[in-house]
1. Please list, in order along the stretch 322-334, the HN-Hα scalar couplings obtained from phi with the Karplus expression 6.51 cos²θ - 1.76 cosθ + 1.60 (θ = phi - 60°), rounded to whole Hz, x for Gly and Pro.
2. Once all Cα-Cα distances of the stretch 148-253 are split into 5 Å bins that start at 0, what whole-number percent is in each one?
3. Through the Karplus equation 6.51 cos²θ - 1.76 cosθ + 1.60, θ set to phi - 60°, convert the phi angles of the stretch 676-682 into ³J(HN,Hα) values in whole Hz; use x for Gly and Pro.
4. Mind grabbing the accessible area of Met256 for me, 1.4 Å probe, Å², rounded to tens?
5. Measure of size requested: the Rg and Dmax of the stretch 609-669, with Cα atoms as the atom set and Å as the unit; please supply both.
6. Taking 8 Å as the Cα distance limit and 6 or more residues as the minimum spacing, I'd like the relative contact order of the stretch 368-476 as a percentage.
7. By accessible area of protein heavy atoms, probe 1.4 Å, what ranking do Glu253, Glu381, Glu240 get, highest first?
8. Output needed for the stretch 449-589: three equivalent-ellipsoid semi-axes, defined as square roots of 5 times the C-alpha gyration tensor eigenvalues, in descending order, whole Å.
Amino acid sequence: MQKPTVQTAGRWLAIAGVAALCLIAVAGFSLAIYSAWLFHDLPDASQLAEYRPPTSTRVYAADGTLIGEFGKERRIFVPYDQIPPLQVKAFLAAEDRKFFEHGGIDVSGLGRAMGRDVLSLAQGRKLQGGSTITQQVAKNVLLSNDQTFGRKIKEAILARRIEQTLPKTRILELYLNEIWLGYRSYGVAAAAFNYFGKSLNELDLAQMAYLAALPKGPDNYHPIRHRTAAIARRNWIINEMVTMGAATRAQGEAAMHEDLKVQTTPERTHYRDADYFLEETRLRAAGTLGTKADNGGLYIRTTLDSRLQTAARVALMKGLEAYDHRHGWRGAWGHSDMQPGWEKLATAKSPPAERRAWKAAAIDRESGSVHVVLPSGGAGELDPKDVAWAKAGKGLAVGDLVFVESEDGGKLYNLRQVPIVNGAIVAIEPHSGRVLAMVGGYSFSLSKFNRATQAERQPGSSFKPFVYATALENGFTPASVVSDAPISLTGGNGQLYEPENYNHETFGPGPMRQGLVHSLNLMTLHIALKVGMKKIAANAVKYGVVSSMPPELSMAIGAGETTPFKLVGAYSAFPNGGLRIEPHLIEEVQDRSGATILKGDKRDCPHCDEPFSGQESPRIPATGTQVMDPITAYQITLMLQGVVQSGTGAAVSAALNKPLAGKTGTTNDYRSAWFVGYSPNLVAGVFIGFDDNRSLGEGETGAQAAVPVFIDFMREALKGAPSVDFKGPKDAKMVSIRGHLEAFKPGTEPQVRAVSDAPSGPIPFDQLPMDPAGKAVLPALPLPPPPKKAPDDLKGLY
């Protein structure tokens, strides 16, 4: 075999050299292409100079109570100079001790991290990191969370650029406000509230150290699920802080022995009675302000009165439970064979979030007395009254799963049942339109449907005041006598309709007041026929009761549909002098810089910002549009005072010793029950009904179902308030008619006439001749002929 020559060896060496150079060139070219691809979309670090992380919008009651917040990222932005220095040192000890020394990359730390990452990749595990705080800012704000070497290279380059662009304090500010810390918390301020229910400056050393433990993995150091690991990580950070000189050894030892106590659920606000109000505020803010309502860091001050809101929720829930109790025990919500493991089944269903004292329980003995046992280990007897109530209904059996409540913390439990009926309550300040309280159902945790603003239902007789107001605006006076005689209407199909009063009786002719106080359908229909339904329908729209209304006779006794929110807003015209106000929930919105971008009160106030000069203060126009004569509004108020004194709402005056007015409402087959009432400075309306519009049951009128809720609410709302009477317009002429003081427009008050004078128009009641029995003799009133086509059956609207 021929040996290779020196020339041949040189040739192969040259080929190898060329190949190596080619490989180097290809590798360099590939690296250039990779670098170009890697950095073609590298963000500009300078944009961080003006960057503000998405911040939740906080919502407050009028008294400053935090009632909730909006936003996917629940964050409170805190400037660096307002973050406690000890909190900053805790994060430096945990994440980046050399932060103020390096230029964005800790070379020694990065080398150690890369060694760990190579081992992690070989074992198929995630990369461990080793990033400085600056690198974490680059990743969190400008990059994705992809665990790749390419992202790590981008991160390092951006970190260098950030350090050249921003001061260290600004980088720390971004980091401490941007970082995810678990428990629905973005940033340290939100975490302080959610974990400990405190602001940052209220945290102690141990709590600050725990927050600094969380960036490594909030789930890994969960304070409940991984309590031991959480305390160990916290104590390691405390020791590092002592080593840094941020705390003394004695302070560190005391902090390490402190228990880790957090809120069981992340809460930023302890006020939880305004869920329906808060959600309606969110919807209205989003409709006006768009997406920045959720993540723009806005401050929203609402009209909510937290005391009245709580009173409204308590009153409505109590009223719905009282109705539910009247209609019997429907049976257990579940059943267990009481074998080992029954506790899991018993806790599968939670009581309403608003009923925090209710507990799931199982009946384990039912002979004479009924014994219940709780999954938590408690046990006791059911109240004998509740046992009798349940046995009158579906009964009780061993293994039944029920809700119970121990009101005194003892061993005697009350049986509880979640109502299937629902309702709403709305309270408005009538002079400004400020919505002071709104509850849209029994429980927001069970149903988020807001019956205050979304449930369109027939108002029944609670609509009648607007019929009478229209009549008073069109020739009638409080002295007018109106017939209560039966009416027969013929429908287009030839069917005869005969509307009735609630008690199926008629009372003959009488003054207008009688028709409203006693909610007489027939008298109301006579008025509607005389005035004309077109005028009544037009005024219903003008007053804000409805958006539109067909001019059909049944509408006069409440056959139309409206919401509690609209109806209460329309009632505000009676105590405020005939003004239509626009109810609003948002008083003011400010952006994150404190500039006002939205105000609920849109009135101009010229010269209000000028210094006091000793002259008369500026006059601000009244809120709202004049839609009703002020005297008409007062006339209706006087009549509605009669409703709560001796009419269908008489229970109100019996329970509350305050000047009040109001009107009940009940619809066909008792499907809806209403009461809307008011004092001079507060209007409140209550609606009770099933969501599927089924009957509430025989006798469940507005007086029976809705009035008790109104009484409970107003008792709390008016507690300690002075007794202020309704004030009429100065030009109203006050005349006593049959023992009732009535208001008249000038020139319409009853006049003394010669007997020979022929009456024309409405006849004052006190001028009618009387029969031997003392009843007024009513002259025949010309009425228009019955309509050719009657509307829906008029029976059942009271």
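1. My calculation for the stretch 322-334 gives 5, 4, 4, 5, 4, 9, x, 6, 8, x, 5, 8, x Hz in order.
2. 2, 11, 17, 19, 20, 15, 11, 4, 1, 0
3. My calculation for the stretch 676-682 gives 10, x, 7, 9, x, 10, 8 Hz in order.
4. 40
5. Cα radius of gyration and Dmax of the stretch 609-669 are 19.3, 64 Å respectively.
6. 14
7. On the way: Glu253 75, Glu381 55, Glu240 30 Å².
Final ranking, largest accessible area leading: Glu253, Glu381, Glu240.
8. Equivalent ellipsoid of the stretch 449-589: 28, 18, 13 Å, largest first.
The values are calculated or read from the model by the stated rules, or taken from the named source; none is laboratory data. All values derive from a computational prediction rather than experimental measurement. With ideal geometry, Cβ positions are generated from the backbone for all residues, glycine too; neighbour counts draw on all protein chains shown. Note: accessible area is taken over every heavy atom of the protein model, side chains too, but ligands, DNA and RNA are not part of it. Shrake-Rupley method; radii C 1.70, N 1.55, O 1.52, S 1.80 Å.
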